[in-house]
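Taking it in order: structure first as structure tokens, then the write-up.
Derivation of every value follows stated rules applied to the coordinates shown; laboratory data play no part. On a predicted model such as this, the values are computed, not experimentally measured, just so you know. Neighbour counts are summed over all protein chains in view; Cβ atoms, including those assigned to glycine, are modelled from backbone coordinates with ideal geometry.
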Amino acid sequence: MDMVISKEQQELKALALKLGVDLIGFCKNGDQQTPLAPNLTNAVSIALKYTDSILESIETAPSYAYFHAYRTLNTYLDNIAYRLARAIEKMGYNAFPVAASQSQGKNAPYNGVVPHKTYAVKSGLGFVGKSGLFISKEYGSKVRLATILTDMPLIPEQPIIENGCGNCELCVKACPAGAIYGELPTTNGERNFSAEKCSEYMKKHFQDVGRGSVCGICIKVCPKNKLK
């Protein structure tokens, strides 16, 4: 039987595209609920892409252009997520926009409030690669993500995509921190890279660019990006 997408879901998707998102997907939370919004059991996943020229500016270290693009995409995503959340509220439902770049604070600095990548995978937008990056089927890993949690009835429009890394280990070889293990992510959520090693290396070696908050080398080398 063909799935029936509600008029409200169609309107929300149309608004997101009008606001400038490059990708949007819908899914059920499953066991990923956050204590901040335990009754919001559905999710909207949105993504924006980096321009090819920005990624080409990355060589053996992050560029200032990449750092500013990183912050710009985060702000742009946060703005869109909030506007979509308000639109959902006007439809009569609850909505909780989750910022593109967020963590649980000092007790869990490498864990987000919600797992953006998990929602994007469940929405059929892509898969998580050996690098730990989310890799979209349209744009590879050159995207940033945000999420809106809601109790609005939503239906996934796309099937979950199989991991497409294969035997590729370009990111493993390129990572200056040695933070990527070269393994596929596990189904129980165990990381296949070290966020700690990545962060420590950036803070030590890339202090002059965004105080060591970005790198981007693994994104640059990913062949799924199809850079010009």
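Mean sequence separation of contacting Cα pairs (under 8 Å, at least six apart), scaled by the length of the chain, corresponds to a relative contact order of 25 percent. Legend: ranking of residues T60, T72 from fewest to most surrounding C-beta atoms inside 10 Å; resulting order T60, T72. Using a ≥ b ≥ c from the Cα gyration tensor of the chain (square roots of the eigenvalues), is it rounded, prolate or oblate, where a/c under 1.5 gives rounded and otherwise the larger of a/b and b/c decides, a/b for prolate? It is prolate, given that a/c is not under 1.5 and a/b is the larger ratio.
GNM remark for the chain: springs join alpha carbons under 10 Å apart, and the peak mean-square fluctuation among V121, V143, V113 falls on V113.
Cys residues of the chain that find no other Cys beta carbon under 4.7 Å: C27, C165, C168, C175, C198, C215, C222. Note on the chain: GNM, Cα springs under 10 Å; of K90, K13, K122, the largest mean-square fluctuation is that of K90. Under 5 Å from the amide H of I161 lie the amide H atoms of G124, G126, each residue being 5 or more positions distant or on a separate chain, with H modelled from the backbone and absent for Pro and chain starts. Excluding same-chain neighbours fewer than eight residues apart, the lysines reachable from K49 by a Cα-Cα span under 23 Å are K13, K18, K117, K122, K130, K137, K142, K220, K224, K226, K228.
Among Y181, Y64, Y70, the ranking by other beta carbons within 10 Å of each residue's beta carbon, starting with the fewest, stands as Y64, Y181, Y70.
Go ahead and estimate [θ] at 222 nm for the chain from helices alone: -39,500 (n - 2.57) per DSSP H run with n ≥ 4, summed, over the residue count, rounded to 500. After summing the helix terms and dividing by residue count, I get -9500 deg cm²/dmol. In sequence order, the stretch 44-55 has phi-based couplings of 10, 10, 10, 9, 10, 9, 6, 6, 4, 5, 4, 5 Hz under the Karplus curve 6.51 cos²θ - 1.76 cosθ + 1.60, θ = phi - 60°, and Gly or Pro positions carry x.
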